[in-house]
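Asks: To start, I am sharing the structure in question, which I have written as structure tokens.
The values are calculated or read from the model by the stated rules, or taken from the named source; none is laboratory data. Predicted model, so just to flag it, every value in this text is computed and none were measured. In this analysis, Cβ positions are derived from the backbone assuming ideal geometry, glycine residues included, and neighbour counts consider all displayed protein chains.
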Amino acid sequence: MARPMPSEGEGLSRSYVRPCLLLLLAEGPSHGYELLEQVRSAGVRNADAGGLYRSLRSMEQSGLVSSWWEPSQAGPARRSYLLTEEGRAALDGALDALREVHRMLGDVLDRYDLLPPASPREGADVLGAGHVVPR
């Protein structure tokens, strides 16, 4: 059975969160809520605070980020995060992998663009994407 395509509102996969966080932190230190908003703006609309903080904690345990508590004038202290040298190396590797995925997706899209337009045969039902089933 065919797997349904994700709806437009779902955004990018959660597996995109880690490289996205690394990239955002390469741009400068940040705190969790700000990172959550930036990750959502980057296409991971289904990102949740719990998952984001688990990712940050895991990345800190792996030595990719460091954190500290920063006093806030508007409320309680906030944990801020900073990319480490190991995190920068992980970002470089993740971006190399994303570039390869980008290249492969481009190849698929280019091949699709070369397909002739689908023309239904007489006496057949069109299923979509050029697939025709005889009646």
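Asks: When the residues of the range 70-111 are filtered to those that are surrounded by 10 or more Cβ atoms within 10 Å (Cβ to Cβ) and more than 26 Å from residue 19 (Cβ to Cβ), which remaining residue is modelled with the lowest pLDDT?
Replies: By that ranking, first place goes to 72.
Asks: If a residue has to be outside any helix (DSSP H, G or I) and touching a Gly at 6+ places or on another chain (Cβ under 8 Å) to count, how many in the range 49-67 make the cut? Talk me through it step by step, then tell me what you get.
Replies: Step one: filter the range 49-67 for residues outside any helix (DSSP H, G or I), giving 62-67.
This time we only want the ones that are touching a Gly at 6+ places or on another chain (Cβ under 8 Å), so: 63-65.
The qualifying residues number 3.
Asks: Which one of the conditions (1) of a type outside the set (Asp, Glu); (2) modelled with pLDDT under 95; (3) part of a strand (DSSP E or B) does residue 46 fail to meet, given that it meets all the rest?
Replies: Going through the list (1) of a type outside the set (Asp, Glu); (2) modelled with pLDDT under 95; (3) part of a strand (DSSP E or B), residue 46 breaks only (3).
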